[in-house]
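The block underneath contains the structure these notes are about, expressed in structure tokens.
Please treat every number below as a calculation from the coordinates, not as lab data. Quick caveat: nothing in here was measured; it's all calculated off a predicted structure. Cβ coordinates were reconstructed from backbone atoms using ideal geometry, including for glycine residues, and neighbour counts include every protein chain displayed.
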């Protein structure tokens, strides 16, 4: 098997489109492609899966250990012809300015993969060579697969830059793409419009594959990729403590932010996942033992969600009866008293948590989070640590009931201590009432796989209570 990392000089240089194009082009050649995404991204993996017919997994140097990242990569690329890892931000951008932690460059070295560097060449010619020269020499431990120029003005523009490369740059230039508006995917406040709402059409994928095939020297690229010594990890995951637990998972256009690994780990511990839609379904799936409400874009569907009172009331009764519910970000917002949009219209929601939410024009929170559990809950015991990410344009406008500092199942308690780096507390969070837990943080269970086991076991215990 061969593999590469598609990295950019910065965010917005076109690496997502080119990574998707490479996936489409190789698949059109009859190759089996394993897609991956560096960083806490929920949107790009959806497009990867559509193109490759293969689930895209997240890799992350801060949330997940080196060992876990390597296991995920090899396990999910085994039997494929080529693995394509889409990077995050600029190649060297990561957790801070002093180290490579969390960067695409770190991941490339962990996985021993060469880097394909994407350069936005707008308004540059010879200066593009200077930029690439700097990237080439910044970290001598990196291996290179080539350079692709994006948003070129013409073939003559490409030739100017090629001439500059010949004198100064050793990384091979594989070609470039001219500026084409049809390539652009629609965007909004949390990134690209999701695959759930704006699915890639077969015609678009086919055109993208042809564009990449005709614009880049893919044979040279494949020749530049070393053969990988794929570890023999094709065995089925070990199943731990099988329990007859059925978890209802909210999954539709409004709730679509989930790590595939979270699902895999829950299944590994014996859970059966049953998907339903808070937008379209009028009742919960039958015979479920608990709920998992992920994040997404509930703010775009407030009227529809609020008007579906049959389902909302059933969820409220379900939680108030003691059944476990775990909710993240958009799912947490859905369980509050309601959400006020940017026009100050208020939409009632499930009302399990005595909290009111307000949408904002600006970004409220963005960054990695380490969660330390302050009290026993459905994720584990006090002291357990889990890592995740926070990214939202809303805030808590009002808390309508006193938060109890002592765990009381009939009152709301805060059971998370959040930090943006180990040991640096930023606030308390994690709202728990009875067996309902909600937070703005998207947790990656792979940061502490035992959490998935605790989760499933808790559902089982709740059945026995």
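Tabulated results
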| item | result |
| --- | --- |
| Acute angle (nearest 10 degrees) that the helix 126-138 long axis makes with the longest principal axis of the chain, alpha-carbon atoms | 60 |
| Ascending count of other beta-carbon atoms within 10 Å, so fewest first, for 178, 17, 104 | 178, 17, 104 |
| Fully extended contour minus Cα-Cα distance, from residue 381 to residue 130, at 0.36 nm per residue | 85.0 nm |
| Rg ratio (alpha-carbon, reference 2.2 N^0.38 Å) - the stretch 245-464 | 0.93 |
| Degrees between helix 309-320 axis and first principal axis of the chain (Cα, 0 to 90, nearest 10) | 70 |
| Inter-probe distance in nm under a simple model that places probes 7 Å from Cα toward Cβ, at residue 180 and residue 425 | 5.5 |
| Scattering profile of the stretch 327-425 at q = 0.19 Å⁻¹ [log10 I(q)/I(0), Debye over alpha-carbon scatterers] | -1.08 |
| Rg in Å to one decimal, and Dmax rounded to a whole Å, for the stretch 2-224 via C-alpha atoms | 16.4, 47 |
| Fraction of antiparallel bridges per DSSP, the chain only, in percent to nearest 5 | 45 |
| Exposure proxy ranking, count of Cβ atoms within 10 Å, fewest first, for 329, 80, 345 | 345, 80, 329 |
| Proportion of all alpha-carbon pairs of the chain beyond 35 Å (%) | 34 |
| Cβ-derived FRET efficiency at R0 35 Å, residue 361 paired with residue 141, nearest 0.05 | 0.25 |
| Least to most buried among 336, 413 (fewest other Cβ within 10 Å first) | 413, 336 |
